[in-house]
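K.L.:
The structure that follows is given in the form of structure tokens.
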Amino acid sequence: MDWLQAFEGIFQPQVFLYLLVGVLSGALIGTLPGLTATMGVAVLTPISFWLEPACGFAMLIGVYNSAIWSGGISAILINTPGTPASMASTFDGYALSQKGLALLALNINTVFSVVGGLFSSLCLIFFAFPLAEFALRFGPAEYAVVAFFGLTMMVSVSGSSPVKGLLVGFLGLLFSTVGLDTIHAFKRYTLGSAQLLDGLSFVPVMIGLFGVGEILYQIYTTDHTFEQNITDVSRSKKFFLNFKELKRIFPFNLFSAVISVIIGAIPGAGGDIASIISWGQSKRMSKHPEEYGKGSLEGLSVSCVSNNAVIGGAMTTMLSLGIPGDAVTAILIGSLMMYGMNPGPRMFVENKPFILTLIAQLIVANILILIFGLTTSRIYPRILRIKKQTLWVVVIMCCILGSYAINNSYVDLIAMAVAGIFGFVLRKMHFPQGPLVLGMLLGKLLEANLRRTLAVTMGDYSIFFTSMICIVLLTISALSLAVPPVIQHIKAKKKNGGIAP
């Protein structure tokens, strides 16, 4: 009965309309290179605050799923991923389009992205509630370690340099201390401004990092004389795979879906990591590895499944533990907090109807993507011809209006502008932005629970080494910091012919 009510709620005209708007907006955002799913959700988040929670989240869920799917469109047609998660789709998608199979590649992208999204939604249904029930046993000590675990997992996958991820993550922790002290309400780093007593507003900072910063970086790096060669979809004759081809690639896609949900549940690991891992593992398992990178149907399908299968895993971690699985879910946590809901195990007790509605929105959003993607696959080249300069102006205006509209505060505008410049500098110096967001989100959780724990134990740290949950999480946290450098060292050694660098 609860699930029936959740699906009935989605098909209320207002909620369904905003879900549809989110899917359409995400399709545009993801198709255009540079306008990532993270940017789309960040820019549209302030708009969602004017709506009812069900309507606001319907729009954000639609953008999230649709942008990840449509990122594969530009990867196939112009060999440029629309979002980082579609990076692996360029390996075989563009090669297929160059063979005159662009329409086939686009439909593979649509169908298998939806398959991955629906599979991950089912995993969210089956695993989020048991995980939340288990997490209800957590006390302040366990929550402190969970927050620490989330931080370490984020920086452990921060590109080629975990050290850079650590530096940015600790900077985010520093920003989280602005405002009133979480225990004694002392003022910290407020600069005498009453508007900073509640701390730096997360949404303007997020909009600046992922919106303004990205636009500044695109302006700085774009070659204005370069014209993109867009594949002509009308030359493509084959519409979709036949039964024999579907049967052959099914095991690879099932494997990729499972592994991507697991990767998505790891804080900090996103669709780009999952799709590359899935593509590489499928190539090793394939009877025709020589076809990979040259237009392999297996290669394209597994990368498309991985893109959206990550979403369910990331949402599971976000909803049940309150730790974002990727940058987009970090933004969604901030949105939930603005609605007065705190992601974590208590949310499954206090806001269970909303949780069910959110999961139902994920399922319906994927069905809409399937219908929309298959019926509009021939018009995508026109979308890719929109001038970047026009998009830059529109996005900047949305960033300014959205940041100010949250609290009607000039301080938020200043925070957005500074964060935008800082985001550009981070991109220019190849520093990851994700750890900064995670540090701001988890900083207060870590500080508050750590101090509560020490207040109860009279400063005794041994509680962290007597709780089995704490011991397991601390062990995993240590491994997440130690293993990536070791792996990179081994890879570098192999690359240098067995000689350590």
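K.L.:
Any residue in segment 328-341 that is more than 14 Å from Gly40 (Cβ to Cβ) sitting within a Cβ distance under 6 Å of a residue that is among the polar types (S, T, N, Q)? List the pairs, counting only those 6 or more apart or interchain.
P.N.:
Met341/Asn351
K.L.:
Also: Tell me which residues, restricted to segment 458-474, are at pLDDT below 85 and of a type in the set (Val, Ile, Thr).
P.N.:
Ile463, Thr466, Ile469, Val472
K.L.:
Which one of these does Leu51 not meet: (1) surrounded by fewer than 24 Cβ atoms within 10 Å (Cβ to Cβ); (2) assigned to a helix (DSSP H, G or I)?
P.N.:
Single failed check for Leu51: (2).
K.L.:
Can you tell me which residue among Leu358, Leu391, Leu370, Leu362 is modelled with pLDDT of 80 or more, surrounded by fewer than 22 Cβ atoms within 10 Å (Cβ to Cβ) and in a helix (DSSP H, G or I)? Let's see the steps before the verdict.
P.N.:
Numbers: Leu358 fails: surrounded by fewer than 22 Cβ atoms within 10 Å (Cβ to Cβ); Leu391 fails: modelled with pLDDT of 80 or more; Leu362 fails: surrounded by fewer than 22 Cβ atoms within 10 Å (Cβ to Cβ).
Selected residue: Leu370, the only one of Leu358, Leu391, Leu370, Leu362 that is modelled with pLDDT of 80 or more, surrounded by fewer than 22 Cβ atoms within 10 Å (Cβ to Cβ) and in a helix (DSSP H, G or I).
K.L.:
Working only within segment 334-346, note down all residues that are part of a helix (DSSP H, G or I), hydrophobic (A, V, I, L, M, F, W, C) and more than 13 Å from Met315 (Cα to Cα). Don't jump to the end; show me each part of the working.
P.N.:
Quick first cut of segment 334-346, residues part of a helix (DSSP H, G or I) only: 334-338.
Pick out the ones that are also hydrophobic (A, V, I, L, M, F, W, C) and you get 336-338.
Result: Met337, Met338.
K.L.:
I'm told Ser320 meets every condition in (1) touching a residue at least 40 places away in the same chain (Cβ under 8 Å); (2) surrounded by fewer than 24 Cβ atoms within 10 Å (Cβ to Cβ) except one. Can you identify the failing condition by its number?
P.N.:
(2)
K.L.:
Could you please tell me which pairs satisfy a Cβ distance under 9 Å, a separation of 6+ or placement on different chains, a first residue in segment 450-474 that is among the small types (Gly, Ala, Ser) and assigned to a loop (DSSP other than H, G, I, E, B), and a second residue that is at pLDDT below 85 and surrounded by fewer than 17 Cβ atoms within 10 Å (Cβ to Cβ)?
P.N.:
Ser467/Gly139
K.L.:
Quickly run through segment 79-99 and pick out the residues that are assigned to a helix (DSSP H, G or I) and surrounded by fewer than 24 Cβ atoms within 10 Å (Cβ to Cβ).
P.N.:
Narrowing segment 79-99 to residues assigned to a helix (DSSP H, G or I): 84-86, 89-98.
Correct list: Pro84, Thr90, Phe91, Tyr94, Ala95, Gln98.
K.L.:
Could you pull out the residue among Gly192, Gly213 that is at pLDDT 80 or above and either over 19 Å from the mean Cα position of the chain (by Cα) or closer than 24 Å to Ile414 by Cα (or both)? Talk me through it step by step, then tell me what you get.
P.N.:
Numbers: Gly192 fails: at pLDDT 80 or above.
Going through Gly192, Gly213 in turn, just one is at pLDDT 80 or above and either over 19 Å from the mean Cα position of the chain (by Cα) or closer than 24 Å to Ile414 by Cα (or both): Gly213.
K.L.:
As an exercise: evaluate Val21 against (1) of a type in the set (Val, Ile, Thr); (2) modelled with pLDDT of 80 or more; (3) closer than 27 Å to Ile276 by Cα and give the number of the one condition it does not meet.
P.N.:
It fails just one condition, (3).
K.L.:
So, one more: Tell me the residue from Ile125, Ile108, Ile61, Ile68 that is under 27 Å from Ser335 (Cβ atoms), in contact with a Ser or Thr (Cβ under 8 Å, 6 or more places away or on another chain) and in a helix (DSSP H, G or I), please. I'd like the intermediate steps shown before the answer.
P.N.:
Numbers: Ile125 fails: in contact with a Ser or Thr (Cβ under 8 Å, 6 or more places away or on another chain); Ile108 fails: under 27 Å from Ser335 (Cβ atoms); Ile61 fails: in contact with a Ser or Thr (Cβ under 8 Å, 6 or more places away or on another chain).
Unique residue meeting the criteria: Ile68.
K.L.:
Next question, about the same structure. Considering each of Phe175, Phe170, Phe138, Phe134 in turn, give the residue that is more than 21 Å from the chain's Cα centre (by Cα), at pLDDT 80 or above and surrounded by fewer than 23 Cβ atoms within 10 Å (Cβ to Cβ).
P.N.:
Numbers: Phe170 fails: more than 21 Å from the chain's Cα centre (by Cα); Phe138 fails: at pLDDT 80 or above; Phe134 fails: at pLDDT 80 or above.
Result of the check over Phe175, Phe170, Phe138, Phe134: Phe175.
K.L.:
What are the pairs, 6+ residues apart or on separate chains, where a residue within segment 364-381 that is in contact (Cβ under 8 Å) with a residue 24 or more places away in the chain and of a type in the set (D, E, K, R) has its Cβ under 7 Å from a residue that is in a helix (DSSP H, G or I) and surrounded by 15 or more Cβ atoms within 10 Å (Cβ to Cβ)?
P.N.:
Arg378/Val233
K.L.:
Checking Ser113 against (1) closer than 13 Å to Lys444 by Cα; (2) at pLDDT 85 or above, which test does it fail?
P.N.:
Only one criterion is unmet by Ser113, namely (1).
Here is a yes/no grid of residues against (1) over 30 Å from Met337 (Cβ atoms); (2) in contact with a Gly (Cβ under 6 Å, 6 or more places away or on another chain):
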| site | (1), (2) |
| --- | --- |
| Ile276 | yes, no |
| Met285 | yes, no |
| Pro289 | yes, no |
| Lys294 | yes, no |
| Leu300 | yes, yes |
| Ser303 | yes, no |
| Asn307 | no, yes |
| Val310 | no, yes |
| Leu321 | no, no |
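K.L.:
Another question, if that's okay. Do we find that Ser86 is among the polar types (S, T, N, Q) and more than 22 Å from Trp279 (Cβ to Cβ) in this structure? Let's see the steps before the verdict.
P.N.:
On the way: among the polar types (S, T, N, Q): yes; more than 22 Å from Trp279 (Cβ to Cβ): no.
Against the criterion (among the polar types (S, T, N, Q) and more than 22 Å from Trp279 (Cβ to Cβ)), Ser86 does not qualify.
K.L.:
Return the residue satisfying two criteria in turn: it lies in segment 100-116 and is surrounded by fewer than 24 Cβ atoms within 10 Å (Cβ to Cβ) and farther than 12 Å from Leu300 by Cβ, and of such residues it is farthest from the chain's Cα centre (by Cα).
P.N.:
Gly100
K.L.:
Whether any residue in segment 287-305 is within 19 Å of Gly72 (Cβ to Cβ), at pLDDT 80 or above and charged (D, E, K, R) is what I want to check.
P.N.:
Within segment 287-305, one or more residues are within 19 Å of Gly72 (Cβ to Cβ), at pLDDT 80 or above and charged (D, E, K, R).
The values are calculated or read from the model by the stated rules, or taken from the named source; none is laboratory data. All of these numbers come straight from a predicted model, not from anything done at the bench. Reconstructed Cβ throughout: ideal geometry from the backbone, glycine too, with neighbour counts over all protein chains shown.
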